[in-house]
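Q: Sharing a structure, written as structure tokens. Questions coming.
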Amino acid sequence: DTQVEPELLLDLGHAVRGTEQVRLDYRDRTGRDTERRVEPYRIVVLGRRWYLLSYDLDRADWRTFRLDRIRAVHRSRWRFTPRPDVPDPATHVQHSVTTAPYAHLARVVVHAPAAEVLECFPPTYGTVTELRPDDHPDGPACRLETGAADLDELAWYLGRLPGPFVVESPDGLRERLAVIGGRMSRAADVVDPPD
């Protein structure tokens with residue numbers, strides 16, 4: 001369920017505008033209930049989900065929280081002074097969502113226009129960055145950063161790309177692509193029917 005309670009959205013909106021510290025009752029991606037003390041900075045919509053960019057006071061780092069996993073917002077009425085190093089909200093949230101949850105992260109250069117790659121990998125599944133023409137004189141190219149729970153899953157996802165690609169990392173992904181590619185190539189061979 002990705003529904004967000006209107007009251008929760010209103011409370012967070014007031015806290016963001018008022019630079020007010022809040023305590024969140026939060027259910028993490030493993031289903032564990034936690035309590036987080038945060039300075040809320042921005043609410044960001046990505047795909048069909050809402051996220052909160054915050055500074056987590058107990059972890060002393062920037063964190064992204066899915067609003068549909070927030071069980072309650074406890075407003076403190078304590079104002080905080082905005083930090084000078086606030087990351088770009090949309091960029092930070094997109095990067096958190098497309099890389100943090102995964103065991104394996106991939107960086108690949110795709111020889112295709114970024115717009116075509118985005119059709120296969122929307123913002124919630126990967127970050128696509130157009131590469132400069134002088135870096136790739138053979139035609140349009142972009143870099144895709146994405147992740148998955150295992151390398152085979154990553155290999156299958158990348159098989160959907162609209163053009164040739166080169167794996168920058170991780171090395172293990174190249175091995176899995178070779179194994180799966182060999183299997184696909186053998187399956188595509190024409191087999192004479194038995195007599």
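The values are calculated or read from the model by the stated rules, or taken from the named source; none is laboratory data. Since we're looking at a predicted model, the values are computed, not measured. Virtual Cβ from ideal backbone geometry, glycine too; neighbours counted across all protein chains shown. Surface areas here come from the heavy atoms of the whole protein model, side chains and all, with no ligands, DNA or RNA. Shrake-Rupley method; radii C 1.70, N 1.55, O 1.52, S 1.80 Å.
Q: Tally up the residues in the stretch 162-179 that are aliphatic (A, V, I, L, M) and either at pLDDT below 90 or part of a strand (DSSP E or B) (or both), please.
A: Quick first cut of the stretch 162-179, residues aliphatic (A, V, I, L, M) only: 166-167, 173, 177-179.
Pick out the ones that are also either at pLDDT below 90 or part of a strand (DSSP E or B) (or both) and you get 166-167.
Qualifying residue count for the region: 2.
Q: Keeping to the stretch 49-70, report how many residues are surrounded by 14 or more Cβ atoms within 10 Å (Cβ to Cβ) and assigned to a strand (DSSP E or B).
A: Summing the residues that are surrounded by 14 or more Cβ atoms within 10 Å (Cβ to Cβ) and assigned to a strand (DSSP E or B) in the stretch 49-70 gives 14.
Q: List, please: which pairs have Cβ atoms under 9 Å, are six or more places apart or on different chains, and start with a residue in the stretch 119-142 that is within 16 Å of residue 159 (Cα to Cα) and modelled with pLDDT of 80 or more and end with one that is basic (Lys, Arg) and part of a loop (DSSP other than H, G, I, E, B)?
A: 120/160
Q: I'd like the residue in the stretch 85-118 that is farther than 20 Å from residue 44 by Cβ and surrounded by fewer than 14 Cβ atoms within 10 Å (Cβ to Cβ) and, out of all such residues, is modelled with the lowest pLDDT. Let's see the steps before the verdict.
A: We begin by selecting, within the stretch 85-118, every residue farther than 20 Å from residue 44 by Cβ; these are 103-117.
Of the ones still in play, those that are also surrounded by fewer than 14 Cβ atoms within 10 Å (Cβ to Cβ) are 103, 115.
Working: 103: 74, 115: 88.
Taking the candidates together, the pick is 103.
Q: Here are some conditions: (1) open to solvent by less than 40 Å² (accessible area, probe 1.4 Å); (2) outside any helix (DSSP H, G or I); (3) not acidic (Asp, Glu). Residue 143 meets all but one. Which one does it not meet?
A: For residue 143, the failing item is (1).
Q: Can you say whether residue 138 is over 21 Å from residue 46 (Cβ atoms), of a type in the set (Asp, Glu) and open to solvent by 80 Å² or more (accessible area, probe 1.4 Å), as far as the supplied structure shows?
A: Spelling it out, residue 138 is indeed over 21 Å from residue 46 (Cβ atoms), of a type in the set (Asp, Glu) and open to solvent by 80 Å² or more (accessible area, probe 1.4 Å).
Q: Within the stretch 71-84, restricting attention to residues that are among the hydrophobic types (A, V, I, L, M, F, W, C) and surrounded by fewer than 15 Cβ atoms within 10 Å (Cβ to Cβ), which residue is farthest from residue 9 (Cα to Cα)? Spell out the reasoning first.
A: In the first step, residues of the stretch 71-84 are kept if they are among the hydrophobic types (A, V, I, L, M, F, W, C); the result is 72-73, 78, 80.
Subset that is surrounded by fewer than 15 Cβ atoms within 10 Å (Cβ to Cβ): 72, 78.
Details: 72: 10, 78: 19 Å.
Across the stretch 71-84, the extreme among qualifying residues is 78.
Q: Of the residues that sit in the stretch 14-30 and are more than 16 Å from residue 4 (Cβ to Cβ) and under 19 Å from the mean Cα position of the chain (by Cα), which one is surrounded by the most Cβ atoms within 10 Å (Cβ to Cβ)? Give the derivation first.
A: Of the stretch 14-30, the ones more than 16 Å from residue 4 (Cβ to Cβ) are 17-21, 23, 28-30.
Now narrow it down to the ones that are under 19 Å from the mean Cα position of the chain (by Cα): 28-30.
Numbers: 28: 12, 29: 9, 30: 6.
The selected residue is 28.
Q: Of these, 4, 16, 73, which one is at negative phi, assigned to a strand (DSSP E or B), in contact with a strand residue (DSSP E or B) (Cβ under 8 Å, 6 or more places away or on another chain) and not hydroxyl-bearing (Ser, Thr, Tyr)? Give the derivation first.
A: Details: 4 fails: assigned to a strand (DSSP E or B); 16 fails: assigned to a strand (DSSP E or B).
Unique residue meeting the criteria: 73.
Q: Something else: With respect to residue 39, is the statement that it is open to solvent by less than 30 Å² (accessible area, probe 1.4 Å), on the phi < 0 side of the Ramachandran plot, acidic (Asp, Glu) and in contact with a helix residue (DSSP H, G or I) (Cβ under 8 Å, 6 or more places away or on another chain) true?
A: Values: open to solvent by less than 30 Å² (accessible area, probe 1.4 Å): yes; on the phi < 0 side of the Ramachandran plot: yes; acidic (Asp, Glu): yes; in contact with a helix residue (DSSP H, G or I) (Cβ under 8 Å, 6 or more places away or on another chain): no.
Against the criterion (open to solvent by less than 30 Å² (accessible area, probe 1.4 Å), on the phi < 0 side of the Ramachandran plot, acidic (Asp, Glu) and in contact with a helix residue (DSSP H, G or I) (Cβ under 8 Å, 6 or more places away or on another chain)), residue 39 does not qualify.
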